[in-house]
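Accompanying notes for the structure given below.
The values are calculated or read from the model by the stated rules, or taken from the named source; none is laboratory data. Keep in mind that this is a model prediction, so the values were computed, not measured. Glycine also receives a Cβ, built like all others from the backbone with ideal geometry; neighbour counts cover every protein chain displayed.
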Amino acid sequence: MTDTIASTAAAVRAGERSAREVVDERLAAIEDGDGALNAFNYVMAERARATADTVDRRVAAGDDPGPLAGVAVALKDNMCTRGVPTTCSSRILENWRPPYDATVVTRLAEAGAVVVGKTNLDEFAMGSSTENSAFGPTRNPHDPSRVPGGSSGGSAASVAAGFVPAAFGSDTGGSIRQPAALCGVVGVKPTYGRVSRYGLVAFASSLDQIGPFAATVEDAALLFEVVAGHDPMDSTSVPEPAPSVVAGLGEGVEGLRVGLTQEFVEGADPDVTARVEEAARALEKAGAVVSDASVPAAVYGLSAYYLIAPAEASSNLARYDGVRYGLRVDGDDITAMYTATRAAGFGPEVKRRIMLGTYALSAGYYDAYYGQAQRVRTLIIRDFEAAYANHDLLLGATSPTTAFELGAKTENPLTMYLSDVFTIPSNLAGHPAISIPYGTGDDGLPVGVQLLAPALAEPLMFRAAAALERSLA
Amino acid sequence: MAEPISRDDVAHVARLARLDLTEDELERFTGQLGAVLEHAADIAALDIADVPPTAHPLPLKNVLREDTPVPSLDRDEVLAQAPAAEDRRFKVPRILGEAP
Amino acid sequence: MTTAVATDWEMVIGLEVHCELSTTTKLFCGCRNAFGDEPNTNVCPVCLGLPGSLPVINERAVEYAMRIGEGLHCTVEPSIFHRKNYFYPDMPKDYQVSQYDMPINARGWLELPDGTRIGITRAHMEEDTGKTSHVGGGGRIHEAGYALVDYNRAGVPLVEIVSDPDIRSAEQARAYVSELRAILAAIDVSDVKMEEGSLRVDSNVSVRRTGSTEFGTRCEIKNLNSLRSLVHAIEYEARRQIDLLESGDRVVQETRHWNEDDGRTHSMRSKEEAFDYRYFPEPDLVPLAPSDDWLAQVRSSIPVLPAERRAALAAAAGASSTADVAVVIERGLDALVEAAIAAGADPDRVVTHAVHNLAVEGAANLDPDRLADLVKMETDGKLTATQAKKVLADMLEKGGDPASIAADLGFEAMDQDVLASVVDQLIADNPVEFDRLKGGDQKVMGFFVGQAMKATQGKADGKVVTALLRERASS
């Protein structure tokens, strides 16, 4: 494993280590190990070295290069990096180089971080295993015959494999937390609107959020603080600066009311459930008050999500039409060009979701499907509110299973969709949630437990996660 | 039991979404989409007509910006990414039918 | 036995007018909103719809939309944006951000110069598309080889103003568009130039038997680039539909394209291509709910609108015709006219001058007191109408006061007695013609008036001459 973000940044800022040396080390690790894992779509070796050199120059000049000085960061390949391929692991954007940076990318640069590469994902973030990538799947560092989870599988694996201490993914229905759990790392989905979506290639606009992966809760908290905060380029951005979460990490959970939520445990494998129960006991031992909780409407989350997300996606992905950028397959007239381009450019899961979404929005079906799903969303929010009347935080499993084998769930899409049953409700409600590694399953593979918090309650959430992490030591 | 979605529906939706499907795909997708919609029958059955829909998880309103110009992109950079360009513009195959 | 009654047809028209707002930047991004710039130079990730881009609403566009709502007597309401999904190369995202069932302005009206009120269903905000040029095949869509797209216009703010189907003739449609344009210009939200595309009109036309209250099937007519086209297209389309229905056929609901060259509308859509826009609320934007303060401030910023100006002028001018009043307002001369009337000038004369003799640039800057003086000279009999017109022309060109100008020109009204003796002399010199006049021949009056003008070097007042002759002829 690499050094922590905190220690690396401290060393570089103090001039004890050069950013260049750090980054060279990371690039070498990637070069050595990624062939077997395929976590990266693109490694930005030259640019990373140049950025590292800039950081070193700033240190030499006596300037503070920022809280992430010299820290190597991997970014999910659905975040725009100017002049660097941003493919969303899709053939339709295979050679696209954005003319602009995502806000998150700008903030990372300002903090002295060094982006070393773009990581693999399920195409357009649609999937739970990274097997839907047009460039081949990523493999789980704990067991390369297994999936790393998805859709941010590349980012999770890059941290789990020790290539980088920091990575970012996006979470629409669990795409940060579930791969974090399957790869044994920390993954955070912030409150909807906490982190700017400007420059994040949209999948489902009312659900997507960018969030960090790291080996420790503190590292994840540091990353979160750097990227969070209001962005005028994103109308759905929370109008507040980033909250302070690092400072309070050691405050413990004395007196905190934690709800072990039945809907976030039911249906999980017994070994996963056992880990969650152990986490509950650990929190109790650390002073929390743990009791049972319920978010009854959460059971409808999967259905609501698989109508809302594809509906928004069907609209968000209409722009991939061969006109302005990306793949074009010529046609006799524009319609022929559109249909041939999109047929060739999109993989089957993307096509399925586009069609499902188009159907859910189409005349005559809107109310029964999309409309109904948005009403269910309200029910879920209400049930969360009721649960939070009696609890400060909720606890559950992140994924029902440990990492499954490549190909195990690709036969029937519905089987794959069930991987997200514990994570989806947070996205529908817009609430933050974090997955932290908590022991292993019977198969020795990592298990992640999930802490959920009300909107904007990241400080509390990180604090409890840190306490839970400490209980493992 | 009635199919939640027919082959014709799928073909129609593929047209709306400008996706060219093979016969094979049409067949397969009809089954797969049907399975998802069948699963969604659990929420279709809920009697919640009077529950207001949530379009936004955030209670924000009136997010506005000033009417002040900001530099535009460099045209060359923009057209460099175009699959086809001519005379400073994006080139596309002929368009049959007028815009709505 | 019933009497056979001729069945007449009535046309029912609704107009959709798109108005480009004259904001500095686009609706959702900071690119310049400018007409005629080099292609694709006012574009950015947002208005190009690049992956990852997000919209942020332009405050001034909202303000202008509210002004339009106020100017059209709409209720300004909380609103949201919706996505209207369809594929077309001038649409960077292949959806248009528009407003659907919660528009910012609803349920208003405007008043035509003749006093008719036309209802306004809604006036909502939306983004404009890019511009497509069809290349090859003479520029006609069907024969083009390919197309070129410029996205400068993509994302420019529009307000779409939809009228109730209250319009009943092509002329009324023209009056509606003219009045709407005048209102939009008065509240200063748009350049409103049809020829530049900052005002675009589509017309929904249907017909029904006079007296029926049901609506017939309507067609939407597009490509109306001028008021003339609007009138001709509506007339053609109404006739086309009537012919169809009278021959037992039915009207197919469709969009039709007006062709200026052959003077006909043509069907543009293939039958299966029904547009299912799959509207859903735009998730990248949050709702608009203008505060009462903002609304009050917008309301107070609305200037006097054409209808109010017409009313004020009509009140000041008394019996002047509505057509004359409309012309005066159109020329921006109402302030001048009202001031001249207030200074004591005869209202009818002032309005007549404004309508017939002040159709020039800068006329509005004429000193109302001097205009009043001129009119008084006329009504006092010191100047004939013809002379007054000349003096006025000089006043406009060189300035100065009417009395001096009249003196310089050598104008003075003829003394009544002198004129009477001229008339008597003419009668004496032309006994045959006078007999014809006495016998009721009115045409010979012109001969005498002409002779009087000759005899007085144009100084005679034609009306006075006519009156004198009539008097002589009847005695």
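Being surrounded by 16 or more Cβ atoms within 10 Å (Cβ to Cβ), of a type in the set (Val, Ile, Thr) and in contact with a strand residue (DSSP E or B) (Cβ under 9 Å, 6 or more places away or on another chain) holds for only one residue in A:VAL55, A:VAL12, and it is A:VAL55. Do we find a residue being over 27 Å from A:ASP208 (Cβ atoms), more than 8 Å from chain A (Cβ to nearest Cβ) and either in a loop (DSSP other than H, G, I, E, B) or in contact (Cβ under 8 Å) with a residue 24 or more places away in the chain (or both) anywhere in region B:6-14? The answer is yes, given that some residue of region B:6-14 is over 27 Å from A:ASP208 (Cβ atoms), more than 8 Å from chain A (Cβ to nearest Cβ) and either in a loop (DSSP other than H, G, I, E, B) or in contact (Cβ under 8 Å) with a residue 24 or more places away in the chain (or both). Screening region A:147-244 for strands (runs of 3 or more DSSP E) wholly inside it with 1 or more residues that are more than 14 Å from chain C (Cβ to nearest Cβ) and under 23 Å from A:GLY444 (Cβ atoms) returns the ranges A:186-189, A:209-214. All conditions but one from (1) in a loop (DSSP other than H, G, I, E, B); (2) out of contact with any strand residue (DSSP E or B) (no Cβ under 8 Å at 6 or more places or on another chain); (3) within 14 Å of another protein chain (Cβ to nearest Cβ) apply to A:PRO400; the one that does not is (3). Determine which member of the set B:ALA44, B:ALA40, B:ALA55 is facing another protein chain (nearest Cβ under 7 Å), closer than 30 Å to A:LYS409 by Cα and within 21 Å of the chain's Cα centre (by Cα). Only one candidate passes the filter, namely B:ALA40.
Among the residues of region A:403-418, the ones that are under 18 Å from the mean Cα position of the chain (by Cα), within 14 Å of another protein chain (Cβ to nearest Cβ) and either within 18 Å of A:THR261 (Cβ to Cβ) or not aromatic (Phe, Trp, Tyr) (or both) come to 2 in all. Test each condition in (1) part of a loop (DSSP other than H, G, I, E, B); (2) more than 7 Å from chain A (Cβ to nearest Cβ); (3) among the β-branched types (Val, Ile, Thr) for B:THR30 and report the one that comes out false. Result: B:THR30 fails condition (1) only.
Answer with yes or no whether B:LYS61 is at the interface with another protein chain (Cβ under 7 Å from one of its Cβ atoms), among the basic types (Lys, Arg) and either surrounded by fewer than 16 Cβ atoms within 10 Å (Cβ to Cβ) or part of a loop (DSSP other than H, G, I, E, B) (or both). Yes: the conditions hold for B:LYS61.
Suppose the filter is under 27 Å from the mean Cα position of the chain (by Cα) and either more than 9 Å from chain B (Cβ to nearest Cβ) or surrounded by 20 or more Cβ atoms within 10 Å (Cβ to Cβ) (or both); does A:ILE380 pass it? The answer is yes for A:ILE380.
Looking at region B:38-51, which of its residues are outside any loop (DSSP other than H, G, I, E, B) and surrounded by fewer than 21 Cβ atoms within 10 Å (Cβ to Cβ)?
Hits for region B:38-51 are B:GLU38, B:HIS39, B:ALA41, B:ASP42, B:ALA44.
Considering only region B:65-90, state which residues are within 8 Å of chain C (Cβ to nearest Cβ), in a loop (DSSP other than H, G, I, E, B) and crowded, with 18+ Cβ neighbours inside 10 Å. Listed by number, the residues that qualify are B:ASP67, B:SER72, B:LEU73. For region B:26-35, enumerate the residues that are under 14 Å from A:GLU411 (Cα atoms) and not small (Gly, Ala, Ser). If the condition is that a residue be under 14 Å from A:GLU411 (Cα atoms) and not small (Gly, Ala, Ser), then B:ARG28, B:PHE29, B:GLN32, B:LEU33 are the ones that fit. Can you tell me which residues in region A:323-358 are touching a residue at least 40 places away in the same chain (Cβ under 8 Å), part of a loop (DSSP other than H, G, I, E, B) and within 7 Å of another protein chain (Cβ to nearest Cβ)? The one that is touching a residue at least 40 places away in the same chain (Cβ under 8 Å), part of a loop (DSSP other than H, G, I, E, B) and within 7 Å of another protein chain (Cβ to nearest Cβ): A:TYR325. Scanning region C:204-226 for residues that are farther than 21 Å from C:THR121 by Cβ and crowded, with 17+ Cβ neighbours inside 10 Å gives a single hit, C:ASN223. Would you say C:GLU38 is modelled with pLDDT under 95 and surrounded by fewer than 17 Cβ atoms within 10 Å (Cβ to Cβ)? Here the answer is no, as C:GLU38 does not meet what is asked. Scanning region A:429-443 for any residue that is closer than 25 Å to A:VAL299 by Cβ, part of a helix (DSSP H, G or I), within 14 Å of chain B (Cβ to nearest Cβ) and within 17 Å of the chain's Cα centre (by Cα) turns up at least one such residue. When restricted to residues that are within 25 Å of A:TYR417 (Cβ to Cβ) and surrounded by 17 or more Cβ atoms within 10 Å (Cβ to Cβ), region A:272-298 contains 8. Grab the strands (runs of 3 or more DSSP E) fully contained in region C:59-162, keeping just those with 2 or more residues being touching a residue at least 24 places away in the same chain (Cβ under 8 Å) and away from every other protein chain (no Cβ under 14 Å). Qualifying strands (runs of 3 or more DSSP E): C:105-111, C:117-127. Applying the selection to region A:393-412, what residues are under 24 Å from A:PRO310 (Cα atoms) and either among the charged types (D, E, K, R) or surrounded by 24 or more Cβ atoms within 10 Å (Cβ to Cβ) (or both)? The answer is A:THR398, A:SER399, A:LYS409, A:GLU411. Within this structure, A:ARG13 fails the test of being free of Cβ contacts under 8 Å to residues at least 12 places away in the same chain and more than 14 Å from chain C (Cβ to nearest Cβ). Find the residue count for region A:108-120, including only residues that are over 18 Å from the mean Cα position of the chain (by Cα), assigned to a loop (DSSP other than H, G, I, E, B) and crowded, with 24+ Cβ neighbours inside 10 Å. Residues in region A:108-120 being over 18 Å from the mean Cα position of the chain (by Cα), assigned to a loop (DSSP other than H, G, I, E, B) and crowded, with 24+ Cβ neighbours inside 10 Å: 2 in total. For region A:359-368, the set of residues classified as surrounded by 24 or more Cβ atoms within 10 Å (Cβ to Cβ) and more than 7 Å from chain B (Cβ to nearest Cβ) consists of A:ALA360, A:LEU361, listed by residue number.
Tell me the residue from C:GLY381, C:GLY344, C:GLY332 that is modelled with pLDDT under 90, more than 24 Å from C:ASP114 (Cα to Cα) and of a type in the set (Gly, Ala, Ser), please. Checking each option against the conditions leaves just C:GLY381. Just one of the listed residues (A:ALA167, A:ALA215, A:ALA242) is surrounded by fewer than 24 Cβ atoms within 10 Å (Cβ to Cβ), under 15 Å from A:SER435 (Cα atoms) and of a type in the set (Gly, Ala, Ser), namely A:ALA215. Candidates in region A:80-107 are the residues that are within 26 Å of A:ALA344 (Cβ to Cβ), assigned to a loop (DSSP other than H, G, I, E, B) and hydrophobic (A, V, I, L, M, F, W, C); of these, the one that is nearest to the other protein chains (Cβ to nearest Cβ) is A:CYS80.
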